[in-house]
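One structure below.
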Amino acid sequence: MEDLIIIGSGCAGCTAAIYASRAGLEPFVIEGPQPGGQLAMAGEVENFPGFPDPIPGSALVERMRQQAERLGARFEGASVIRVDFSKRPLEVFTESEAYGARSIIIATGASAKWLGLESERRLIGRGVSACAHCDGYFYKGKRVVVVGGGDTALGEALFLSGIAREVIVVHRRSELRAKRALQERAFGNDRIRFEWNKVVADILGDEKVSGVLLKDVITGEVKKIDCDGLFVAIGHKPNTEVFRGQLEMDEEGYIITKDLVKTSVDGVFAAGDVCSKNYRQAVIASALGAIAAMEAERFLEGRSL
């Protein structure tokens, strides 16, 4: 029996563990299949407060973990395969163990949808990114490619247009799916141009991105475009499948919360990208993790705001 189980070990989970440890809750953290979350895959991070020099994402989240462990948090390298929130104590199951908990913080995050190319996997953090707000600054005055045709892609392209010399949006169709207002802004931006009916066939570069090969989905023609960075903006999927039927979610699978972190089950809280789909930033995930820990403390003490 645990007072508090934290599921996930990214920014939200580690920060929740830090705050919960300082509150004397002795949190138990189940790391999940990707310890450190998406931040562990990031290249250099330079927009996290308190770090005047860029720091690799993996190093930043490792520092969070070390801080949590020093304060008393316990980490388990396992993944949750099933939960039961219909009774007390709340139950969490990994492949080898079953745990009871008085309260739970879900910080399993959301995973970027990738193109599935070997070169993409190899160059993540070396020119391939899924977050313009995280990595866009490194492409000041350079040429970048954004893949996608929805709101996310155009939002990324518009943001990058204020930094990069040229932004090329690659879309597999001849029309965009983004909101009309975003389309109008993008079409009116002289730093943004479009490659229609194209998909990325390969990403070029050994140590860093140097270009892409685009394939025309109608003619099959392949052409090369030189670029310094590739931003994949085809959406995210919240890592919430294990919680289906246990918590209220929206149509995309994001956990619905009230008061920022409270879920539809008392004593179960959610923090980070698992519930905040519009602000996928490490600092925001950390802030929600801190709030979730404070709410868990209040719940366990029988207090409320």
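The values are calculated or read from the model by the stated rules, or taken from the named source; none is laboratory data. The structure presented is a predicted model; accordingly, all values stated were derived computationally and were not measured. Cβ coordinates were reconstructed from backbone atoms using ideal geometry, including for glycine residues, and neighbour counts include every protein chain displayed.
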- Within the stretch 183-194, can you find the residues that are farther than 21 Å from GLY229 by Cβ and either part of a strand (DSSP E or B) or not charged (D, E, K, R) (or both)? GLN183, PHE187, GLY188
- Message: Let me spell it out: the conditions are (1) more than 30 Å from ILE30 (Cα to Cα); (2) surrounded by fewer than 16 Cβ atoms within 10 Å (Cβ to Cβ), and TRP114 meets all of them except one. Which number is the exception?
- Response: (1)
- Among residues of the stretch 225-247, those that are surrounded by fewer than 20 Cβ atoms within 10 Å (Cβ to Cβ), under 19 Å from the mean Cα position of the chain (by Cα) and either on the phi > 0 side of the Ramachandran plot or among the aliphatic types (A, V, I, L, M) (or both), counted: 3
- Residue match in the stretch 67-75 (condition: in contact with a strand residue (DSSP E or B) (Cβ under 8 Å, 6 or more places away or on another chain) and assigned to a loop (DSSP other than H, G, I, E, B)): yes
- Message: With the requirement that a residue be surrounded by 17 or more Cβ atoms within 10 Å (Cβ to Cβ) and either out of contact with any Cys (no Cβ under 7 Å at 6 or more places or on another chain) or at pLDDT below 95 (or both), what does the stretch 278-293 give you?
- Response: ARG280, GLN281, ALA282, ILE284, ALA287, LEU288, ALA290, ILE291, ALA292, ALA293
- Would it be correct to say that ALA130 is in contact (Cβ under 8 Å) with a residue 60 or more places away in the chain, surrounded by 24 or more Cβ atoms within 10 Å (Cβ to Cβ) and closer than 26 Å to GLY32 by Cβ? yes
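For (1) at pLDDT below 95; (2) among the aromatic types (Phe, Trp, Tyr), each residue gets a yes or a no:
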position: GLU76; (1), (2): no, no
position: GLU97; (1), (2): no, no
position: ILE105; (1), (2): no, no
position: TRP114; (1), (2): yes, yes
position: LYS142; (1), (2): no, no
position: THR152; (1), (2): yes, no
- Neighbours by Cβ (under 8 Å, 6+ apart or cross-chain): first from the stretch 204-219, assigned by TED's automatic domain parsing to the domain that holds ARG173 and under 14 Å from ARG172 (Cα atoms); second at pLDDT 95 or above and not in a strand (DSSP E or B): LYS215/GLU221; ASP216/ASN197; VAL217/ARG172; VAL217/ASN197; ILE218/ASN197
- Item | the stretch 91-115 residues that are within 27 Å of GLY125 (Cβ to Cβ), paired with ones that are crowded, with 19+ Cβ neighbours inside 10 Å and aromatic (Phe, Trp, Tyr) (beta carbon under 6 Å, 6 or more apart) | none
- Query: If the Cβ limit is 6 Å and pairs must be 6+ apart or interchain, which residue in the stretch 250-272 that is more than 12 Å from THR240 (Cβ to Cβ) pairs with which residue that is modelled with pLDDT of 95 or more and of a type in the set (Asp, Glu)?
  - Reply: VAL261/GLU295; SER264/GLU248; PHE269/GLU295
- Item | strands (runs of 3 or more DSSP E) enclosed by the stretch 202-264 - at least 3 residues per element that are out of contact with any Ser or Thr (no Cβ under 8 Å at 6 or more places or on another chain), under 15 Å from SER119 (Cβ atoms) and of a type in the set (A, V, I, L, M) | 211-216
- Message: I'm told GLU166 meets every condition in (1) under 25 Å from the mean Cα position of the chain (by Cα); (2) surrounded by 16 or more Cβ atoms within 10 Å (Cβ to Cβ); (3) farther than 22 Å from TYR279 by Cα; (4) acidic (Asp, Glu) except one. Can you identify the failing condition by its number?
- Response: (1)
- Query: ASP250: assigned by TED's automatic domain parsing to the domain that holds SER86, farther than 28 Å from GLU156 by Cα and surrounded by fewer than 16 Cβ atoms within 10 Å (Cβ to Cβ), yes or no?
  - Reply: no
- Quick check: anything in the stretch 25-45 surrounded by fewer than 23 Cβ atoms within 10 Å (Cβ to Cβ) and farther than 24 Å from SER111 by Cβ? yes
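Determine, yes or no, whether ARG22 is surrounded by fewer than 17 Cβ atoms within 10 Å (Cβ to Cβ), more than 21 Å from TYR99 (Cα to Cα), of a type in the set (Lys, Arg) and in contact (Cβ under 8 Å) with a residue 40 or more places away in the chain. Show your work before the answer.
Working: surrounded by fewer than 17 Cβ atoms within 10 Å (Cβ to Cβ): yes; more than 21 Å from TYR99 (Cα to Cα): yes; of a type in the set (Lys, Arg): yes; in contact (Cβ under 8 Å) with a residue 40 or more places away in the chain: yes.
So ARG22 passes the test.
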- Could you look through the stretch 201-213, keep only residues that are out of contact with any helix residue (DSSP H, G or I) (no Cβ under 8 Å at 6 or more places or on another chain) and over 16 Å from ARG165 (Cβ atoms), and pick out the one that is surrounded by the most Cβ atoms within 10 Å (Cβ to Cβ)? VAL212
